[in-house]
Each structure stands twice: as structure tokens, then as C-alpha cells.
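Each reported figure results from applying straightforward, stated rules to the coordinates on display, with no laboratory input. All figures in this text were calculated on a predicted structure; none of them were measured in a lab. Cβ sites come from the backbone with ideal geometry, for glycine too, and all protein chains shown count toward neighbours.
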2 protein chains.
Amino acid sequence: MTLIKSNGYNVTIEDNSLDSLSNFLEIKKYTSYFILSDQNIIKLCLPHLLIACPKLITAQIIKIKPGEKSKSLKFSTLIWQTLIDKNADKNTLLINFGGGVISDLGGFAAATFKRGIDFINIPTTLLAMADASLGGKTGINFNEFKNIIGTINQPKGVFINTKFLKTLSLRQLKNGLAEIYKIALVNSHPFWNELSSFSEKTSYIKLITKSIQIKNKIILKDPFDKGIRKSLNFGHTIGHAIESEFLNSEAPMLHGEAVLIGLLIESKISYQKQLISKPMLLEIYSVITSHFKLRSISEIPISSIINRIKNDKKASKNILLFSLINGIGSFKLDVIVSETQIQKAITYHNNLIK
Amino acid sequence: MTLIKSNGYNVTIEDNSLDSLSNFLEIKKYTSYFILSDQNIIKLCLPHLLIACPKLITAQIIKIKPGEKSKSLKFSTLIWQTLIDKNADKNTLLINFGGGVISDLGGFAAATFKRGIDFINIPTTLLAMADASLGGKTGINFNEFKNIIGTINQPKGVFINTKFLKTLSLRQLKNGLAEIYKIALVNSHPFWNELSSFSEKTSYIKLITKSIQIKNKIILKDPFDKGIRKSLNFGHTIGHAIESEFLNSEAPMLHGEAVLIGLLIESKISYQKQLISKPMLLEIYSVITSHFKLRSISEIPISSIINRIKNDKKASKNILLFSLINGIGSFKLDVIVSETQIQKAITYHNNLIK
């Protein structure tokens, strides 16, 4: 078992057990438990959780539909209503059991119910294990704007059991890998080099541990996203806009899938800003495209992407600020980027990925 | 000008100026301003604000209806939508200009927009000046439950100009006095004695300053409402239930009006618990009824009040915990009170106040 100390709570990583969770529940004396999850996870993973932690047999299950569309005010309202109906008090624990959608939504509902009740995250996806469950960012989407309503509230614990990865499709695994590639690209050249030669045989537990260690260092220095934590937004300004474009389509894009495209386009912008060399840009394109199959975004009007960026929660009035990379494994914050530069980078990307 | 240092921000009290606000706006470089207010305050007070702070001429005004019913998810959604539509960024300031409804609602919307933007409170009612604008409790009502959705987020400043009190009706002034009497009853016997001989000639600026000083000491020791801050809930367990009962009636009760009844009934419970003597209980009834005209609550079924208390956000599963007084000017937290005891106290009250 690996234990990483974060902002007032521990992240534990185990490969086939939930012992640390079981201990946590023994020590803390909660009056009641609520488990937020989706129907797939309830079917595939809940039995394991209940066997590992018999205390949770009495927990109230709050079931939502899988997918980004559940990260909404409607479902937050459903959670609040269930907590009220089932007499949750201030000493109730909400257990977010699932992927990033679950921990973002559940974290927000818990942070705002009775001015804040405790919550923990038990991530079941690679994306949530390596990234989303850590750092206290909670949020819901509102009128198609990603995470525009939310808070920064730390969980009381993050309990990772990599056994749950076996329930994931290859597409879901790749979705999580996207954020791991981002963390490496922004913060660690050696880790990026390791990932360049990633194969199916690579141990996920190692990747997760490495990702969390890197991310944890950053968020401990800047929990409220005022400074260096913004480096982790690399790829997300463009990525969120693309994800939003597909949110109501018949085939929505997964978060990681959109972020990968964001990473590439923002790498191109970093090159335009002379922050990385041409060989570096080509290396990034080559590594990403050799490990991931990317969807074309050429049917989206570029003006539509730019409009979404302007309304992104990271945007500052009339000025578009990006967190870019400054060489591989390093970053530069708050770089002013013009609409023309974004347009140029997307056009470049669309010529390569058709 | 009196300046009181609170949790990372200053409270300034002036009797006919907003100089401290004007200085604050000069020092801080916000990209845009939004003023949340209601139609009465916009008419009566906004001109004074704009003359004192010409910087705010460009501010976007968000207008809501006066009254407790505006403290809802619907109006929080309206604020979020306006912030989006008018391109608010993370460096935007939301100015809560009005009474407790405005600062609770605006504080909640600001705390959750883009994971938290800055907000300040400019209270225009006695209740907000002496109590609500201080301490960072934000919240909205949800399905008739008072403040059940909310956060604890500190404002960046509270700017009190007692000139605005001149716009208030006697009923509104009394509404604010109620919370001042509560603070004295719970925390300061000498202040309670002063209030016992309160007359129309008493200086409000003195009362406000004293209230804030007492409340500030408490919230600095316990910002997250885990310990002694709960003493300030005295009168509110019963008070909130009564306020909720009248929320959808043709003549809603003001918050302070309900709290006064709560103070009396909970004083009776304190007496039942042998925390105060009979003469003290009679003194409290005498002082309160000589300064305030109380509405009868005898038409409300006692069982309905008890049901609401069970769902109050302060309630712990199956156990009803009250913050009571332990002599005048002192308190006892987390006292277990039975339904029978509540029933007895309400019946006693209804026999006295018909």
C-alpha cells in the first residue's frame, strides 16, 4: 500500500484491497453513509466495496446515469433532495464511488449541503485515480459551460484500488491515460520519456502513483488555483471547448479524448510563442498519435471553439490567457494568446488530423 | 470610522460615509463589478453608493425581489447566468448591497461561480449590519428548508454606513434588533443589561459595533461552526422552523420576528434543563415583550414545528441538539432536547403570547 499525504487527507493506493478505507470508516464515527454512483459501477464494483466494508451495507445508494451530462444542477438537486429525505445530518459521509463525473458532482453537492459535509472519493476509472479524485476541485456544468459552478473543497480521503481498472474498456483506459500524458508533458520530462515507450504491459499502479505524486506537489503549493496549479490546465482551454461542442451530440467525446486534442493544439500555440522547438512539437504529435486514435474536429467551426474559450472560467475579460508548455516538462502561465493564433493552431491541427 | 479585523478581511463602520469602500476599490484592481440588490434598495440607496464610489458607475446591476423567497436556487441561477452573459471573469467583484437575504444569496452565488470569485457586503439593514454580513455563512433555502444549501466563504470586506438605516421602517429596525438581543443574551450579561433599558434614543452605531465585536471574537475562534460559534444558533432552531411555517403564507414573518419567539421558547427549554432560573426566564420574557410586539404562533400545530426541527441542518440523526443559554450571557452547546420538552415549552409560550 502506498500512502501519499495531501491537503489534510491521505491518498492510499492498493492493488487489490480496500483495507485503508475499511480502517478509515472504523476510526471516523459517521452517523450515516450515502454512496453516489452510476448504474454501471453499482453493477460491476459495488459488491466488492460492500464485501470489503460491511459497515456500508446500510448506506443509502444515490444512482445517477453515467456520463458527463449527469454533472448538472439537476443531479446536484437530486442528491440534496435525497440527503434531506433520508435525514442526512452534518455528520454524514458522502462516498463518491466512480469516475471524475461522480467525484466532481458529489464533491459539489457535499460541499454545499448544510454548509459542507464530509466526502471521500473511491475512484473506479483510471482518469479519476490518476487525476480527478485528487485536489478538491468540485463542480458541475451549467448551460454547457464545463465546471463553471463549483468549489474547492478537499475530500477526507481518496482510496484507490486498482482492481477496479479491470472493469474498464480500452476506451476508458485511454481516457485516463490522456491526463497522465498531460501531467508528464507539463511537469516531468523523464516521466514523458517513460510514457513515450508506454505499452500495454506498463504497470498502471506505477503510472497512477507517479501522476499523483507530481500533481500532489503542485496542489500542495497552490490549493486555490491562483498560481502554479494553473499549469495543470494545459490542454484544457481548447479541450473543454471541444468537449462542450460534443456534449449534446449523439456521440459525445470523453474528457480525456478532448484533452488530448487540446494538448496538441496548445502545443502548437506553445511553438508559435517560441516556447518549444519544432522538433519538440513534432515529437509531441508523434507520441500522442502513436498511442491514441484521435477524432477529427474539422467539422466544428473554429469561431465556435473560440467563443467557448472566451466564456471559459479561466478566461479573463477580453484577454485570453493560456497555461502553455515551456519545453517538455516545464510550463509558462498566463500567456496572452490572440484569436488569430488560436485559429492558426487549430487549422494546423486539422490539416494533420483529418 | 471603526475598523474591526475579521477572518482575513476588515469590517468598517462609518456613520455617514463610504470612504473605506472607495479606498478598497482603489487598491484592488477588479476587472468588473456586479451589484446584487433589490428594487427598494436600488431606489433608496444605490444613488448614495454611486456618488461615493464613481468606479461603480459601470457596474452591472442584478436586481431581485425583496424578501426571503428570493433566497432560492432560482435566483442563484439568475446570478450565475448574468455573470456568464456579462463575461464575468475570475477577477470580478460581486457586491452584495442590501440585507441578509442579499448577502446570503450573493455570497453563495459568488462562492460557487468559477470555484469562487470575490464578494463584499454593504449591508443596508440593521440585521445585516449587526449580524448577517459578518462571518462568511452563505446560503439559500431549498424546499422550505432554511439555508440548507450553502457554504462558509469569507467576504473580502464588510462596509457599514449607518446612514442607510434611515431608509428602514420601524418593523425592519426591530427585525435587526432581535439578533442584537440574541447576541447579548448568549454572550454578554452587561450588554443584555444595556439592552434592557433600550430606548429609541440609543445610538445604533454603538449597538452595531458592540454586536460585531462580540460576534467577531466567536467566529475568529470557530470559523467553521464546529464549536462555540454554534452558541449563536440560540433561538434559531425554533426560530427557523417558525419562519419556514410562515414562508408561503400571505403575511410572512421576518427572520428577526421568528428568532425572537425562538429565543423565548428556547429560554423556556433552558429553564426546563435547569440552565437558567425562573426569575431569569421571567426577566427574558419581560424584556423581550416590552420591546417587541410578538405574533401569536398558536395556530401552528406543534407537531409541524417539531418535524421541521428534525430536518433542520443543525439536527443530528434522531437526536435533537440545541444551543441553549446557561445563565444570561453564557451558553451550553449540544444539549439533547426531547420532543416532549419542546412541546411543553411551546405550550408554555402559547399560553403567554396569545
Checklist outcome for this item: Among A:Phe145, A:Ile27, A:Leu73, the residue whose Cα sits farthest towards the positive end of the charge dipole of the protein assembly as shown (+1 at Cβ of Lys and Arg, -1 at Cβ of Asp and Glu, taken about the Cα centre) is A:Ile27
Checklist entry - So if we plug the beta-carbon distance of A:Thr347 and A:Phe224 into 1/(1 + (r/R0)^6) with R0 = 35 Å, what FRET efficiency do we get, rounded to 0.05? => result 0.45
Checklist outcome for this item: Nearest 10, in degrees from 0 to 90: the angle of helix A:255-272 to the longest Cα principal axis of chain A is 30 degrees
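Taking a quarter of the surface of the convex hull around the Cα atoms of the range A:62-101, what do you get in nm²?
Details: hull surface 12.0 nm².
Computing the convex hull of the Cα atoms and averaging its projections yields 3.0 nm².
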Item to check | Between the range B:69-88 and the range B:246-278, the alpha-carbon center distance in angstrom | outcome: 33 Å
Checklist entry - Hey, got the dipole for the protein assembly as shown? About the Cα centre, +1 on K and R Cβ, -1 on D and E Cβ, debye to the nearest 20? => result 460 debye
Checklist outcome for this item: With +1 on the Cβ of every Lys and Arg and -1 on the Cβ of every Asp and Glu, the dipole magnitude of the range B:224-352 about its Cα centre, in debye rounded to the nearest 20, is 440 debye
Item to check | Cα principal axis extents for the protein assembly as shown, largest first, Å | outcome: 84, 62, 39
Checklist outcome for this item: Rounded to the nearest 10 degrees, the helix A:339-352 long axis (Cα) sits at an angle to the longest Cα principal axis of chain A of 90 degrees
Checklist outcome for this item: In nm, the gap between the two label points placed 7 Å beyond Cα toward Cβ at B:Ser196 and A:Ser169 is 7.5 nm
Next on the checklist: Suppose you put the label 7 Å out from Cα in the Cβ direction; list, shortest first and in nm with one decimal, how far A:Leu173 is from each other copy's label.
Outcome noted: 7.5
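Kindly give Rg over Rh for the range A:174-352, based on alpha-carbon atoms, with the Kirkwood expression for the hydrodynamic radius.
Numbers: Rg = 15.4 Å, Rh = 16.4 Å.
Radius of gyration over Kirkwood radius for the range A:174-352 works out to 0.94.
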Item to check | Backbone N within the range B:36-57 under 17 Å of label point (7 Å from A:Asn318 Cα along the Cβ vector) | outcome: B:55-57
Checklist outcome for this item: Honestly the range A:2-167 on the Cα gyration tensor test (a ≥ b ≥ c root eigenvalues; a/c under 1.5 rounded, otherwise a/b vs b/c for prolate or oblate) is just rounded
Checklist outcome for this item: Out of B:Met129, B:Gly106, B:Gln154 - ranked by how far each Cα lies towards the positive end of the dipole of the range B:2-167, with unit charges on the beta-carbon of charged residues - the top one is B:Gly106
Checklist outcome for this item: the range A:1-75: relative contact order from alpha carbon pairs under 8 Å, six or more residues apart, as a whole percent, is 28 percent
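Using the Cα centre as the reference, give the magnitude of the dipole from point charges on the C-beta atoms of chain A (Lys, Arg: +1; Asp, Glu: -1; all else neutral), rounded to the nearest 20 debye.
On the way: 44 positive and 27 negative charges, 86 e Å.
Roughly 420 debye, rounded to the nearest 20.
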Next on the checklist: Can you tally the net charge around A:Gly100? Count Lys and Arg as +1, Asp and Glu as -1, for every other residue whose Cβ sits under 11 Å from the Cβ of A:Gly100.
Outcome noted: -2
Item to check | Mean separation of Cα contacts under 8 Å, 6 or more apart, over the residue count of chain B: relative contact order % | outcome: 15 percent
Checklist entry - Taking a ≥ b ≥ c as the square roots of the eigenvalues of the Cα gyration tensor of the range B:69-123, is the shape rounded (a/c under 1.5), prolate (a/b larger than b/c) or oblate? => result oblate
Checklist entry - Among the aspartates and glutamates, which have Cα under 14 Å from the Cα of B:Lys163 when same-chain residues fewer than 8 positions away are ignored? => result B:Glu14, B:Asp15, B:Asp19
Next on the checklist: Taking 25 °C and 0.890 mPa s as the conditions, I'd like the Stokes-Einstein D for chain A in µm²/s, using the Kirkwood hydrodynamic radius from alpha carbon pairs.
Outcome noted: 119 µm²/s
Checklist outcome for this item: Placing one equal point scatterer on each C-alpha of the range B:138-205 and summing with Debye, one gets log10 I(q)/I(0) at q = 0.16, 0.28 Å⁻¹ equal to -0.85, -1.14
Checklist outcome for this item: Given a Förster distance of 60 Å, the FRET efficiency implied by the Cβ-Cβ spacing of A:Gln274 and B:Asp334, rounded to the nearest 0.05, works out to 0.45
Checklist entry - Mind checking the angle between helix A:278-291 and chain A's longest principal axis? C-alpha axes, 0 to 90 degrees, to the nearest 10. => result 40 degrees
Checklist entry - Of B:Asn326, B:Val259, B:Ala241, which is farthest on the positive side of the dipole of the range B:224-352, counting Cα position, with +1 on Lys and Arg Cβ, -1 on Asp and Glu Cβ, and the Cα centre as origin? => result B:Asn326
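My understanding is that a pair violates if its Cα-Cα distance is over 20 Å; which of A:Lys28/A:Lys210; A:Lys71/A:Lys166; A:Lys137/A:Lys221; A:Lys28/A:Lys215; A:Lys63/B:Lys74; B:Lys217/B:Lys293 do that in this structure? Kindly include the intermediate steps, with their values, before the conclusion.
Working: A:Lys28/A:Lys210 29 Å; A:Lys71/A:Lys166 24 Å; A:Lys137/A:Lys221 15 Å; A:Lys28/A:Lys215 27 Å; A:Lys63/B:Lys74 24 Å; B:Lys217/B:Lys293 31 Å.
Going by Cα-Cα distance, A:Lys28/A:Lys210; A:Lys71/A:Lys166; A:Lys28/A:Lys215; A:Lys63/B:Lys74; B:Lys217/B:Lys293 fall outside the 20 Å limit.
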Next on the checklist: Could you work out [θ]222 nm for chain B from helices alone, using -39500 (n - 2.57) per DSSP H run of at least four and dividing by all its residues? Round to the nearest 500 deg cm²/dmol.
Outcome noted: -14000 deg cm²/dmol
Checklist entry - For A:Thr340, which inter-copy label distances result when the label point lies 7 Å beyond Cα on the Cα-to-Cβ vector, reported in nm to one decimal and in ascending order? => result 8.3
Item to check | Range in chain B, longest, excluding exposed GluC sites (Glu not before Pro) [loop by DSSP; at most 13 other beta-carbon atoms within 10 Å] | outcome: B:1-143
Checklist entry - Could you give the distance between the Cα centres of the range B:187-220 and the range A:296-350, to the whole Å? => result 55 Å
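Kindly provide the trypsin sites (Lys or Arg not before Pro) of the range B:207-238 that DSSP labels as loop, not H, G, I, E or B, and whose Cβ sees at most 12 other Cβ atoms within 10 Å.
Details: sites: B:Lys210, B:Lys215, B:Lys217, B:Lys221, B:Lys226, B:Arg229, B:Lys230; in loops: B:Lys226.
Sites meeting the loop and neighbour criteria: B:Lys226.
Taking 8 Å as the Cα distance limit and 6 or more residues as the minimum spacing, I'd like the relative contact order of the range B:2-167 as a percentage. Can you show the working numbers first?
Working: 323 pairs, mean separation 45.9, N = 166.
About 28 percent, as a whole number.
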Checklist entry - Measuring from a point 7 Å past the Cα of B:Lys28 along Cα-to-C-beta, which residues in the range B:85-104 have an amide N at less than 15 Å? => result B:89-98, B:103
Item to check | Computed FRET value (nearest 0.05) for A:Asn10 with A:Asn143, which takes r as the C-beta separation and R₀ as 35 Å | outcome: 0.45
Checklist entry - For label points placed 7 Å from Cα toward Cβ, what is the shortest-first list of nm distances from B:Lys217 to its copies? => result 4.7
